[in-house]
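Single-structure report; data block below.
The values are calculated or read from the model by the stated rules, or taken from the named source; none is laboratory data. Please read these numbers as outputs of a predicted model, since none were measured by experiment. Methodologically, a virtual Cβ is constructed for each residue, glycine included, from the backbone with ideal geometry; neighbour enumeration extends over all protein chains shown.
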Amino acid sequence: MTPVDILPGMQAFLDELKEHDYKLSVASASKNAPAILERLGLSDYFEGIVDPATLTAGKPDPEIFERAAEILHLDPTQVMGLEDSKAGIESIRGAHELAIGIGVPGDVTFDATSDISLNQIKIILINKKASLSVC
């Protein structure tokens, strides 16, 4: 596994988040996550990785995303999580975080990683808020 294996659009999205001073952590159930991030050259983007060995339950339990927010010293309502599974989206929502779905319905949904951008997320959220406040 090398940087050429990074999903389309993810490097640009991570760069965009860092450029805007977003804090990032990893909520992966894989104990191989640190090694994978290192091989992909992405480790420096993240302030921490949830250790799956310390979890008492798997997804859709929200514990992994709650821990990811704790690593960043953020309230869950200040956090967005990206997921490509229904159980992951349920887990994010259970943690009271904004659920970004990739190929699965979330609070904000993208068909593929290549479609993700911070600007698109903001536009979708603004439109959702506007549609919710219309009486």
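Considering only residues that are within 21 Å of Ala87 (Cα to Cα), in contact (Cβ under 8 Å) with a residue 24 or more places away in the chain and in a helix (DSSP H, G or I), which ones fall in the stretch 21-62?
Within the stretch 21-62, just Pro52 meets the criteria.
Just one of Ala57, Ala95 is under 29 Å from Met1 (Cα atoms) and either aliphatic (A, V, I, L, M) or at pLDDT 95 or above (or both); which is it? Explain how you work it out, then say what you get.
Numbers: Ala95 fails: under 29 Å from Met1 (Cα atoms).
Matching residue, one of Ala57, Ala95: Ala57.
Is it fair to say Lys59 is farther than 20 Å from Ser117 by Cα and in contact with a Gly (Cβ under 6 Å, 6 or more places away or on another chain)?
Details: farther than 20 Å from Ser117 by Cα: yes; in contact with a Gly (Cβ under 6 Å, 6 or more places away or on another chain): yes.
Yes: the conditions hold for Lys59.
Please go through the stretch 1-53 and give me each residue that is of a type in the set (S, T, N, Q) and more than 18 Å from Leu72 (Cα to Cα), ordered by number.
Let us first name the residues in the stretch 1-53 that are of a type in the set (S, T, N, Q), namely 2, 11, 25, 28, 30, 32, 43.
Across the stretch 1-53, the qualifying residues are Thr2, Gln11, Ser30, Asn32.
Give Gly81, Gly58, Gly88 a once-over and let me know the one that is of a type in the set (Gly, Ala, Ser) and touching an Asp or Glu at 6+ places or on another chain (Cβ under 8 Å).
Details: Gly58 fails: touching an Asp or Glu at 6+ places or on another chain (Cβ under 8 Å); Gly88 fails: touching an Asp or Glu at 6+ places or on another chain (Cβ under 8 Å).
Result of the check over Gly81, Gly58, Gly88: Gly81.
Taking the stretch 1-20 as the region of interest, how many residues are closer than 23 Å to Asp111 by Cα and either hydroxyl-bearing (Ser, Thr, Tyr) or in contact (Cβ under 8 Å) with a residue 60 or more places away in the chain (or both)?
8
Can you name every residue in the stretch 98-135 that is at pLDDT 95 or above and loosely packed, with under 12 Cβ neighbours inside 10 Å?
Matches in the stretch 98-135: Pro105, Asp111.
Take the residues of the stretch 80-95 that are assigned to a strand (DSSP E or B) and among the hydrophobic types (A, V, I, L, M, F, W, C): which is surrounded by the fewest Cβ atoms within 10 Å (Cβ to Cβ)? Steps first, please.
So the first thing to find is which residues in the stretch 80-95 are assigned to a strand (DSSP E or B), and the list is 80-83.
Remaining after also requiring among the hydrophobic types (A, V, I, L, M, F, W, C): 80, 82.
On the way: Met80: 17, Leu82: 20.
Per the criteria, the residue is Met80.
Determine, yes or no, whether Gly101 is under 29 Å from Asp5 (Cβ atoms), within 14 Å of the chain's Cα centre (by Cα) and part of a loop (DSSP other than H, G, I, E, B).
Numbers: under 29 Å from Asp5 (Cβ atoms): yes; within 14 Å of the chain's Cα centre (by Cα): yes; part of a loop (DSSP other than H, G, I, E, B): no.
Spelling it out, it is not the case that Gly101 is under 29 Å from Asp5 (Cβ atoms), within 14 Å of the chain's Cα centre (by Cα) and part of a loop (DSSP other than H, G, I, E, B).
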